[in-house]
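Enquirer: Mind having a look at this structure? Questions to follow.
Please treat every number below as a calculation from the coordinates, not as lab data. On a predicted model such as this, the values are computed, not experimentally measured, just so you know. Neighbour counts are summed over all protein chains in view; Cβ atoms, including those assigned to glycine, are modelled from backbone coordinates with ideal geometry.
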Number of protein chains: 2
Amino acid sequence: MVSGRFYLSCLLLGSLGSMCILFTIYWMQYWRGGFAWNGSIYMFNWHPVLMVAGMVVFYGGASLVYRLPQSWVGPKLPWKLLHAALHLMAFVLTVVGLVAVFTFHNHGRTANLYSLHSWLGITTVFLFACQWFLGFAVFLLPWASMWLRSLLKPIHVFFGAAILSLSIASVISGINEKLFFSLKNTTRPYHSLPSEAVFANSTGMLVVAFGLLVLYILLASSWKRPEPGILTDRQPLLHDGE
Amino acid sequence: MVSGRFYLSCLLLGSLGSMCILFTIYWMQYWRGGFAWNGSIYMFNWHPVLMVAGMVVFYGGASLVYRLPQSWVGPKLPWKLLHAALHLMAFVLTVVGLVAVFTFHNHGRTANLYSLHSWLGITTVFLFACQWFLGFAVFLLPWASMWLRSLLKPIHVFFGAAILSLSIASVISGINEKLFFSLKNTTRPYHSLPSEAVFANSTGMLVVAFGLLVLYILLASSWKRPEPGILTDRQPLLHDGE
């Protein structure tokens, strides 16, 4: 009975993912003064929220499209379009999240891209962009041969999982960095574990739990579209709509 | 010609792994004053070196034992013992690395386990310990049935890869944290990217590259022991040595 267990996992994933986003919003709203779009620290506050939403939660959900039992039968094209569209939404959220932090830094004449968190983060976003374009070019546009698709598929799936892992590492180092910044020279420094630190640390661990669950469903579980005869896999994008 | 490409990958992995360890040693030696075992900051310096060596490099190497073509034929037991022994070495290095940081903190009356880096790190070490004991109990000791082994194997492989990913996230957030600490209130703060920051950031990215290569060989590549008839998989540990 795949569907019972599968929908339970979807429910768990959906709630875990929503909690990751809501907790991050709450952290920024309750302890860090909320949001604005004016180059101030309140503009920075969009950065953690949009990166968690984009690079982890939307990205994670988008990568599991082919685990839906409905996608195992009938034409693949609609599911490919959904897969690509959801990832594109994740990418847009990510880019807006980057604009928020770069604008804040430039506004305050602070250097960009000096911390290891930012080196890993920008590398991960770059890999995500390459992954999206390669996926679109090879698996959605009709020109690629079956040989090329079957050659690239394991690499596409691997980088799909690897990018999510790097996103989680970026989020962890980002939350860690933010807390060191924010709780420096305060009456309740980070090492005294004030409630903000406990809450933000827990949010980070939630992101890890969400990521591991996505990776498990993606890599280890048997919920996969049974490989049909290779020939049926070739759906031209631009002409006859199945 | 699996072996040609395989040994090239081993060479790449070996040199990348050695560089990760040597770069971390160099960072601590050249910029952070070297090593000691007296509760001082020089004792802390063992922490990054031993965690990179233990939780990433030795751990990564140990998990690839079954990718050696020699392990695809003949009895599995010797390779299981090698797999377990190498991971045990990784675990010992890890524990010594934890002793170094806890002793340094206690010596300086600094709080332990308050940062997200430490929460994730200690969780990862705990998962590693569970993974080792479960692996030993189910796959090395002879009592487990074939049914139980085939049930747990995908979970064992998944957590093997997941623990390595979490180790990388811990190392990244650890290097990030250390640089914020060390380059605070200095003439060349972190955000001015002094040579130490460039070097340590690059070491972090090397660790990511090493980790991704291990994960690729582990998850995506076809270098796997062909699944023999399930029956031959049951090697009793304690009696007849094949």
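Enquirer: Between A:Ser18 and A:Ile41, with labels modelled 7 Å along Cα→Cβ, what's the label distance in nm to one decimal, could you check?
Expert: Reported label-point gap for A:Ser18 and A:Ile41 is 3.2 nm.
Enquirer: Right, next: For chain B, what D do you get in µm² per second when you plug the Kirkwood radius from alpha-carbon pairs into Stokes-Einstein at 25 °C and 0.890 mPa s? Mind dumping the intermediate values first?
Expert: Numbers: Rh = 19.3 Å.
My calculation gives 127 µm²/s for D.
Enquirer: Under a crude label model (7 Å from the Cα following the beta-carbon direction), how far is A:Ser202 from A:Leu113 in nanometres?
Expert: 3.7 nm
Enquirer: I need the inter-copy label distances for B:Trp147: point set 7 Å along Cα to C-beta, values in nm with one decimal, smallest first.
Expert: 4.6
Enquirer: Another question, then. Using a 7 Å offset from the Cα along the Cα-to-Cβ direction at both B:Val99 and A:Lys224, what is the distance between the two label points in nm, to one decimal?
Expert: In this crude label model, B:Val99 to A:Lys224 measures out at 4.3 nm.
Enquirer: What whole-number value in cubic angstrom gives the convex hull volume per residue for the C-alpha atoms of the stretch A:1-119? Please report the intermediate quantities before stating the final value.
Expert: Details: hull volume 13.2 nm³, N = 119.
Measuring per residue, one finds 111 Å³ for the Cα hull of the stretch A:1-119.
Enquirer: Something else about it: By average Cβ neighbour count within 10 Å, what is the ranking of B:14-24, B:135-145 from highest down?
Expert: Output ranking for B:14-24, B:135-145: B:14-24, B:135-145.
Enquirer: Filter the DSSP H helices in chain A by two things, a Kyte-Doolittle mean of at least 1.6 and an axial alpha-carbon span of 20 angstrom or more, and list the hits by number.
Expert: A:195-215
Enquirer: Can you put B:Arg149, B:Arg67, B:Arg109 in order, fewest other beta carbons within 10 Å first?
Expert: Values: B:Arg149 15, B:Arg67 20, B:Arg109 6.
Least crowded to most crowded, the residues run B:Arg109, B:Arg149, B:Arg67.
Enquirer: Okay, moving on. May I ask you to report, in nm to one decimal and beginning with the shortest, the distances from A:Ala129 to the same position in the other copies, taking label points 7 Å along Cα-to-Cβ?
Expert: Distances to the matching label points in the other copies: 4.4 nm.
Enquirer: Let me ask something additional. Once you wrap a convex hull around the alpha carbon atoms of the stretch B:1-64, what is its projected area averaged over all directions, in nm²?
Expert: Values: hull surface 18.2 nm².
For the stretch B:1-64, the mean projected area of the Cα convex hull comes to 4.6 nm².
Enquirer: I'd like to know how the stretch B:103-178 sits against the 2.2 N^0.38 Å rule of thumb: what's its Cα Rg over that expected value?
Expert: For the stretch B:103-178, the normalised Cα radius of gyration comes out at 1.45.
Enquirer: On to the next question. Using every pair of alpha-carbon atoms in the protein assembly as shown, split the distances into 20 Å bins beginning at 0 and state the percent of pairs per bin, rounded to integers.
Expert: 22, 55, 22, 1
Enquirer: Also: Would you mind giving the mean number of other chain beta-carbons within 10 Å of the Cβ of each residue in A:57-68, as a whole number?
Expert: For peptide A:57-68, the averaged partner shielding equals 0.
Enquirer: Another question, if that's okay. Within the stretch A:112-138, which residues have the backbone N less than 20 Å from the label spot 7 Å out from B:Ser195 along Cα→beta-carbon, could you tell me?
Expert: A:114-116
Enquirer: For every helix of n ≥ 4 consecutive DSSP H residues, a contribution of -39,500 (n - 2.57) applies; sum these over chain A, divide by its total residues, and give [θ] at 222 nm rounded to the nearest 500 deg cm²/dmol.
Expert: So the helix-based figure for chain A works out to -21000 deg cm²/dmol.
Enquirer: Suppose R0 equals 22 Å. What FRET efficiency, 1/(1 + (r/R0)^6) with r the Cβ-Cβ distance, do A:Ile122 and A:Val157 give to the nearest 0.05?
Expert: The formula returns an efficiency of 0.40 here.
Enquirer: For chain A, what number of Lys pairs, 8 or more residues apart or on separate chains, have alpha-carbon atoms under 21 Å from each other?
Expert: 5
Enquirer: Now a separate question. With N residues in the stretch A:121-227, what two-decimal value do you get for its Cα radius of gyration over 2.2 N^0.38 Å?
Expert: This ratio for the stretch A:121-227 stands at 1.47.
Enquirer: Right, here's the next one. For the pair B:Tyr30 and B:Trp147, what calculated FRET efficiency results from E = 1/(1 + (r/R0)^6), where r is the Cβ-Cβ distance and R0 = 51 Å, to the nearest 0.05?
Expert: Plugging the Cβ-Cβ distance into 1/(1 + (r/R0)^6) gives 0.40.
Enquirer: At A:Leu77, label 7 Å along Cα→Cβ: distances to the other copies, nm, ascending?
Expert: Sorted ascending, the copy-to-copy spacings read 5.8 nm.
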